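Presented below is the structure to which this report refers.
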């Protein structure tokens, strides 16, 4: 509501609006969660962390193991050798269209990773074997320990605590400040 001088209202009214937005930042958190979900999907597609770090390549043994699981990749001749078609299937699985993707074997990890927003913040949910990949976790139950292939917008800092990666930290802070001041979510 504009005042007599054309301003948007009294300082007290503006402060009240800011306070209300501080008490319920859910609209801002929802937009952030959607952006982070997109960043995670992009990480799986591009095989690069949300911070822009390329993932290390798969081990040759992993590629061979996954290529062997492709339909028709285990057909053998009577002598026990792989058929020409099976060899082609395995090679195509390594390099062709639809080639083996890092961190996507069954798709469970990619499809189960979700960000949920409410008035208290944003929570990330993933399945149990996802976290060791975030930083090549030394505490991994997976043996051997996986290399770092972070697919989330968070990572473990030097102090051992989880934190937002850049540019998401800067976007979050500037976006939150703008939301509190204006009520607009960008």
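A few notes on this one:
- Flag not set for residue 158, criterion: in the same structural domain as residue 23 (by TED's automatic domain parsing) and touching a helix residue (DSSP H, G or I) at 6+ places or on another chain (Cβ under 9 Å).
- Residue 116 in contact (Cβ under 8 Å) with a residue 24 or more places away in the chain, outside any helix (DSSP H, G or I) and touching a strand residue (DSSP E or B) at 6+ places or on another chain (Cβ under 8 Å): yes
Residues checked against (1) modelled with pLDDT of 80 or more; (2) under 19 Å from residue 145 (Cα atoms):
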{"site": "41", "(1), (2)": "yes, no"}
{"site": "45", "(1), (2)": "yes, no"}
{"site": "50", "(1), (2)": "yes, no"}
{"site": "61", "(1), (2)": "no, yes"}
{"site": "67", "(1), (2)": "no, no"}
{"site": "75", "(1), (2)": "no, no"}
{"site": "85", "(1), (2)": "no, no"}
{"site": "89", "(1), (2)": "no, no"}
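- Selection of the range 119-141 for residues being part of a loop (DSSP other than H, G, I, E, B) and modelled with pLDDT of 80 or more yields 119, 120, 126, 127, 128, 129, 130.
The values are calculated or read from the model by the stated rules, or taken from the named source; none is laboratory data. Keep in mind the model is a prediction, meaning the values are calculated, not measured. Positions of Cβ are backbone-derived with ideal geometry, glycine not excepted, and every protein chain shown enters the neighbour counts.
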